Each structure stands twice: as C-alpha cells, then as structure tokens.
Amino acid sequence: MKKYLVLPLLAGALVMAGCGKKEEAAATAPTAAAQAAAPAAPVVAIIELTANDSMKFNLTHFEVSAGQEVKLTLTNLGTMPKVAMGHNVVILKKGADVKAYTDAAIMAAGTDYVPAALADQVVAHTKLLGPKQSDEITFKAPTEPGEYPFICSFPAHFLSGMKGVIVVK
Ligand SMILES: [Cu+2]
C-alpha cells in the first residue's frame, strides 16, 4: 500500500523540480542576449561640421545618445578674414533663449562673441575660427533627452541661418 502512495509523490516532486529549472533557464536567456547586444552602440559620437563664406553649416541636425561622449569638429572652409567672416559652434541648453544669447553675443567681441555672463546657457562651444582653421571639442551629451539648439554666434550669422539642432535621445 505504502509503495503506491510514495511513488506518485516522488514523481510529482521531480516534475516540479524540473519545471523550476526550466523557468530559471528561460528567465536568464533573454538577459544574456540583451547584454550581448548592448555594446553595439558606438561609445563616442563623431560630428564633423563645416562652415563657409555663405554663412552655412553643412549639417543642421544630428542625434546623439543621452550622456554620450561627443567629439565635434568644426572646420571653416571659407577664405574671408576672421574679422569679417569668423565662425564658431555654440551648443545651447534645452530651452535656452537663443535670441537673448545672440543679442548678448554681438556685444562680446572681446571674448570671440561667447558672452561670459551667459556661460550657464552653454553646453559646449568651439573657438572662433578664421579661414581654413579647425577646432575639435569633446564633451558629454546632456543626460536629459530633447532638442538642444546650436548656433554660430558671430554677429548676424544666426539670423542668416547658421543654426541647427542636436537631438539627444
Ligand atoms: Cu558664422
């Protein structure tokens, strides 16, 4: 009598143990796959911007990941002298008042049109470049996703269209 009672109980316990292992295996498998896929995103975002005598950037829109390291190069392809046609890139914070910034920049010739009083509005900026000059900056993309305006802060260049948007995803 006892024999018949014990066997089904044992079998039941074995089945349960087997199920537990299967669930564990199923739970770990997708995690391992996700970990393997994660490093596919490039560590550093490379942005190559050019500016010219027509007061245009080659790019007006690019995307980076939140908190990503960004290496941005600006090259001035123009030939006009720096005092008449200098270019820079100033990346402003999300929601910054771009017009207020450019208005202040006009008065900031002494600091290459990057007004010190509004430094808290700036994510990063390059030097002001004369013809055939280039500057490379490295900075961390903001951690907050959204649209961050960038401009050339040389007088009147923003109004002529030297502006764009960095989208942080
Ligand atoms: Cu410019």
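Could you identify the single residue in 78, 110 that is at pLDDT 95 or above, surrounded by 16 or more Cβ atoms within 10 Å (Cβ to Cβ) and not β-branched (Val, Ile, Thr)?
Residue meeting the stated conditions: 78.
Given the structure, is residue 117 surrounded by fewer than 16 Cβ atoms within 10 Å (Cβ to Cβ) and touching a helix residue (DSSP H, G or I) at 6+ places or on another chain (Cβ under 7 Å)? Give the steps one after another, and end with the answer.
Working: surrounded by fewer than 16 Cβ atoms within 10 Å (Cβ to Cβ): yes; touching a helix residue (DSSP H, G or I) at 6+ places or on another chain (Cβ under 7 Å): yes.
Yes.
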Given (1) within 24 Å of the chain's Cα centre (by Cα); (2) over 27 Å from residue 43 (Cα atoms); (3) within 11 Å of the ligand (Cβ to nearest atom), residue 74 misses just (2)
Kindly indicate whether any position in segment 138-152 is in contact with a strand residue (DSSP E or B) (Cβ under 8 Å, 6 or more places away or on another chain), under 19 Å from residue 49 (Cα atoms), within 16 Å of the ligand (Cβ to nearest atom) and of a type in the set (Val, Ile, Thr). yes
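Looking only at segment 92-119, count every residue that is part of a helix (DSSP H, G or I) and of a type in the set (Phe, Trp, Tyr) and tell me the total.
Restricting attention to segment 92-119, the residues satisfying the condition of being part of a helix (DSSP H, G or I) are 98-106, 109-111, 116-119.
Filter once more, so that each one left must be of a type in the set (Phe, Trp, Tyr): 101.
Residues that pass the stated criteria total 1.
Go through segment 159-169 and count every residue that is within 16 Å of the ligand (Cβ to nearest atom) and either of a type in the set (Gly, Ala, Ser) or more than 19 Å from residue 75 (Cβ to Cβ) (or both). Even if it seems obvious, please write down each step before you answer.
Just the residues of segment 159-169 that are within 16 Å of the ligand (Cβ to nearest atom), to begin with: 159-164.
From the residues that got through so far, the ones that are either of a type in the set (Gly, Ala, Ser) or more than 19 Å from residue 75 (Cβ to Cβ) (or both) too are 159-161, 164.
The total comes to 4.
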Near pairs, Cβ below 8 angstrom, 6+ apart or cross-chain, from segment 95-106 (over 16 Å from residue 162 (Cα atoms)) to any residue that is at pLDDT 95 or above and in a loop (DSSP other than H, G, I, E, B): 104/115
Give segment 138-169 a look and list any residue that's assigned to a strand (DSSP E or B) and of a type in the set (Gly, Ala, Ser), or say none. 146, 164
Any chance you could count how many residues in segment 116-137 are within 16 Å of the ligand (Cβ to nearest atom) and out of contact with any Lys or Arg (no Cβ under 9 Å at 6 or more places or on another chain)? 5
Positions within segment 77-91 being near the ligand (Cβ under 10 Å from one of its atoms) and either assigned to a loop (DSSP other than H, G, I, E, B) or in contact with a helix residue (DSSP H, G or I) (Cβ under 6 Å, 6 or more places away or on another chain) (or both), in sequence order: 78, 86, 88, 89
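The values are calculated or read from the model by the stated rules, or taken from the named source; none is laboratory data. Quick caveat: nothing in here was measured; it's all calculated off a predicted structure. FYI the Cβ positions are ideal-geometry reconstructions off the backbone, even for glycines, and counts take in every protein chain you see.
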